Amino acid sequence: MGDILEEAGAVVTCRQCPWYKNCVTPMQVSTEDIAHFRMMMQGANLAEPARTEMEKVLESIASMSQNMILQSCPIFTQRLKDDPRLAKQIKEMMRGWGQEEEAGG
């Protein structure tokens, strides 16, 4: 009975969640985040050339993170941890992306 109540609670939580039906999204790095990094760099005692290089590196990392790092809903993450079959199904689906198009066309 507890499992049913937990699942029902998760469904209700999902529908109220700002992530609803967008369980995984690219990480968003805003201009405010980059400005915050710059402010942190100003506090460091670095020579100007080093500070400029660090800013470039941080901006590059921020840009790359949007392409490589995903944020996920905590409920979705917990479901993946709790149900290895779900994770396996997603992996298999990802491995097959594009293969249907190649086989059919």
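The values are calculated or read from the model by the stated rules, or taken from the named source; none is laboratory data. What you are looking at is a predicted structure, and each value in this text was computed from that prediction instead of being measured. Note that we place each Cβ from the backbone using ideal geometry, even for glycine, and neighbour counts take in every protein chain shown. Side chains are part of the model used for accessible areas, which takes the heavy atoms of the whole protein and leaves out ligands, DNA and RNA. Shrake-Rupley method; radii C 1.70, N 1.55, O 1.52, S 1.80 Å.
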_Checking the structure you have, find out if any residue of segment 20-31 is open to solvent by 50 Å² or more (accessible area, probe 1.4 Å) and modelled with pLDDT of 80 or more._
no
*Output the residues belonging to segment 58-73 that are open to solvent by 70 Å² or more (accessible area, probe 1.4 Å) and either farther than 10 Å from Val29 by Cβ or not in a helix (DSSP H, G or I) (or both).*
Asn67, Met68, Ile69, Leu70, Gln71
_Take the conditions under 30 Å from Gln78 (Cβ atoms) and surrounded by 12 or more Cβ atoms within 10 Å (Cβ to Cβ) and apply them to Met54. Does it pass?_
no
*Could you grab the pairs with beta carbons closer than 6 Å, sequence gap of 6+ or different chains, first residue in segment 12-32 and under 15 Å from Ile69 (Cα atoms), second one aliphatic (A, V, I, L, M) and open to solvent by less than 100 Å² (accessible area, probe 1.4 Å)?*
Met27/Ile69; Val29/Ala62
